[in-house]
Every structure is written in C-alpha cells, then in structure tokens.
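Have a look at the structure below, then the notes.
Please treat every number below as a calculation from the coordinates, not as lab data. Source: prediction; values computed, not measured. So basically every Cβ, Gly included, is an ideal-geometry build from the backbone, and we count neighbours across all protein chains shown.
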Amino acid sequence: AQRVTQPEKLLSVFKGAPVELKCNYSYSGSPELFWYVQYSRQRLQLLLRHISRESIKGFTADLNKGETSFHLKKPFAQEEDSAMYYCALSNPQFYFGTGTSLTVIP
Amino acid sequence: EAGVTQSPTHLIKTRGQQATLRCPPISGHTSVYWYQQALGLGLQFLLWYDEGEERNRGNFPPRFSGRQFPNYSSELNVNALELEDSALYLCASSLIGRNTGELFFGEGSRLTVL
C-alpha cells in the first residue's frame, strides 16, 4: 500500500541555517513525488516535483529510490520559509504525508 | 494565484444536520479531490472523482459522500453531522486524471459542528 511518512511534525531552525524536511514513502512502482507548501493564510500550493529536478525558492529535493526518501533541503533558511510542508506521492491518486510545520527563527 | 473557489467558506451546523460543500474545478480540469484537514492530523483523503466517476474513497464512514456533475463540478455531502466532523475541507482539481499532474487547491470550507 502507498504511504507517505513525514516523521517530524514540528521543525525549528535559525535563519541562515540549513534545513531538511524528511519524507519517506512506500510504493512498489516508480512514484511521482511532490512537495506542497501552505503559507499562513494562503492555500496549499505546489512547491516542487521530483520529475522537474528544479530548485524553487532555494529548495531542492532528491529522490532516493534505495532509501525510498524524498527529503526537502535548503542550504540557508529564510524567515519567509516558515510554513506547513507536505510531501505527496501520486499514482495517480495523491497521497499526502501528515505535514511538517517549519518555523525559521530570526 | 490559481486555485479552485470553494463554497461556502464557512459553515456552522448542529449535530445531526447535513452539510453540502461545493467545488467547481479550474476550467479544463476533470479530476476533483476532497480532503479533510483537521487540527494536528494533516490532510486526510476523502474522495477522488475523475470524469464524473468516483475513483476512490478514503477511510471515512458512508455518511461522507459526494458526486461530480457533467461539468466536472463536485459536491461533498456530510450527513448526520458529528462534533468531530468539524474541520477544514479542502478541494483540489487536476488537469490530468489518469497521469500525474499538479493539484490546484481551494482555500477550503470551514465546517463547525456545534
């Protein structure tokens, strides 16, 4: 069965520090993986998808099939990165993790 | 920013009543997803409609139901409301139903059950 696990409910880092939000998945095929973000008082929106292999707002995410992980990383956190982050898998139905609330401390 | 426009934005009901939430997808989108976002529980999958058919439903009781109309707009109905149904209900639409594609979310309908 498909499952997306985000082990951290809450994560706090200082501004300028590196940040990594963890995501592990279980899926027998080749997954399509995404990161969605929800800023305060805004709707949930796509941050990035693994097939694009792009960096959005300084964030990157690498698919590691061996470890079945899709961690989201940013080398230098900014205050505006404070938000709720959801990892998602699509097959094509979308499965979301429980989310990680990131707080960047000034 | 792009997204669906859910209605109503807020809804207050009492236990035992019924609630109906609406979600018109973005023009051209044929897939609609419904999620429940309760405090501390993340996104719980409710229903997925694609081209008028229910493709899958999550682990919710049968009093949660819905439908998708020929114009791909969707309704979520919750019967016999219980206090724990109080949550934000999110709808999202997608252009591609059978392959992966970006989900465009609405701002949600806040349901409060008293």
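Among A:GLU54, A:GLU67, A:GLU32, the largest mean-square fluctuation in a Gaussian network model of chain A (Cα springs under 10 Å) belongs to A:GLU67. Within a Cβ distance under 13 Å of A:GLU79, other residues only, what is the Lys/Arg minus Asp/Glu net charge? Here the count lands on +1.
Take each residue of peptide B:36-44, count the partner chain Cβ atoms within 10 Å of its Cβ, and average: the result is 4.
Dipole size of chain A about its Cα centre, with +1 on Lys/Arg Cβ and -1 on Asp/Glu Cβ: approximately 140 debye, rounded to the nearest 20. Among A:SER69, B:SER74, B:SER7, sorting on how many other beta-carbon atoms sit within 10 Å of each Cβ, with the fewest leading, yields B:SER7, A:SER69, B:SER74. Rounded to the nearest 20 debye, the dipole magnitude of the protein assembly as shown is 180 debye, with +1 charges on Lys and Arg beta carbons, -1 on Asp and Glu beta carbons, and the Cα centre as origin.
Placing +1 on each Lys and Arg Cβ and -1 on each Asp and Glu Cβ, with no other charges, gives chain B a dipole about its Cα centre of roughly 260 debye.
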